[in-house]
Amino acid sequence: MGNLTPNFDRFEFACKGKNCCGHSAPISMVLVRALQQLRDDLCTLLGHDVLIYIHSGFRCLTHNREVGSSDDSQHPLGTAVDCHTDEILPEELAALAEGIPEFHGIGIYPWGCHFDVREGGPVTWSG
């Protein structure tokens, strides 16, 4: 129930805010398929099953503001994900993601990566 791809469920992308949208999860399937491709590529590279943990997918505007993000963030559009894996460093995950053409926004942070499928790009940054 809720499977979007073989390894990702809709609930993983749901808004994690409290007292806002009721955990809605309108998420771009282009984004979900690109993330699945990243996971598949990572599994192939490492030769074993790998988990990608989603910190944040869709965020309603209320929750997006609560976390200090701007209204023009990709998260309220359902076109962004913040994630990490325990298998490789964020810089390595971002480098692998650069091979996936749907990812137009790639951000690298100490805790993991931001990926999005925004119009235009590519845009990369470190935070």
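In deg cm²/dmol, rounded to 500, what helix-only [θ] at 222 nm does the chain give when every DSSP H run of at least 4 residues adds -39500 (n - 2.57) and the total is split over its residues?
-7500 deg cm²/dmol
In what sequence do HIS63, HIS23, HIS104 fall when counting other Cβ within 10 Å, fewest first?
Fewest-to-most Cβ neighbours within 10 Å comes out as HIS23, HIS104, HIS63.
Each of CYS113, CYS20 was scored by other Cβ atoms within 10 Å of its Cβ. Arranged with the fewest first, they read CYS20, CYS113. Ordering ASP82, ASP116 from the fewest to the most neighbouring beta carbons within 10 Å gives ASP82, ASP116. Across the chain, the longest piece that holds none of the GluC sites (Glu not before Pro) lying in DSSP loops with up to 12 other C-beta atoms within 10 Å covers 1-97. Can you list the trypsin sites (Lys or Arg not before Pro) in region 1-94 that are in a DSSP coil and have 12 or fewer other beta carbons within 10 angstrom? Those that pass, being in a loop and sparsely packed, are LYS18. Look at the dipole of the chain built from charges on Cβ: of ALA14, LEU35, PRO90, the Cα furthest out on the positive end belongs to ALA14. Computing FRET efficiency as 1/(1 + (r/R0)^6) for THR5 and HIS55, where r is the C-beta to C-beta distance and R0 is 25 Å, gives about 0.90. Using Cβ point charges alone (K and R +1, D and E -1), the dipole size of the chain about the Cα centre works out to roughly 500 debye. Taking amide H as placed 1.01 Å from N in the peptide plane, the amide H of LEU4 sits under 5 Å from that of ASP9, ARG10, each at least 5 places away or on another chain.
Relative to the compact-globule scaling 2.2 N^0.38 Å, provide the ratio for the alpha-carbon radius of gyration of region 10-118.
Dividing the Cα radius of gyration by 2.2 N^0.38 Å gives 1.03.
Using Cα atoms only, what is the angle between the long axis of helix 29-46 and the major principal axis of the chain, expressed in degrees (0 to 90) to the nearest 10? The answer is roughly 30 degrees. In a fully extended conformation the segment linking GLU66 and LEU89 would gain 5.5 nm over its present Cα-Cα distance, using 0.36 nm per residue.
Once backbone amide H atoms are built at 1.01 Å from N, ILE108 has HIS114, TRP125, SER126, GLY127 as its partners under 5 Å, excluding neighbours fewer than 5 places away on the same chain. Overall, region 59-125 carries a charge dipole of about 240 debye about its Cα centre when +1 sits on the Cβ of Lys and Arg and -1 on the Cβ of Asp and Glu, all other atoms neutral.
None of the figures in this text is laboratory data; all of them are computed from the coordinates on show. Note that this is a predicted model, so its numbers are computed, not measured. Because the Cβ atoms are built from the backbone with ideal geometry, glycine has one as well, and the counts that use them run over all protein chains shown.
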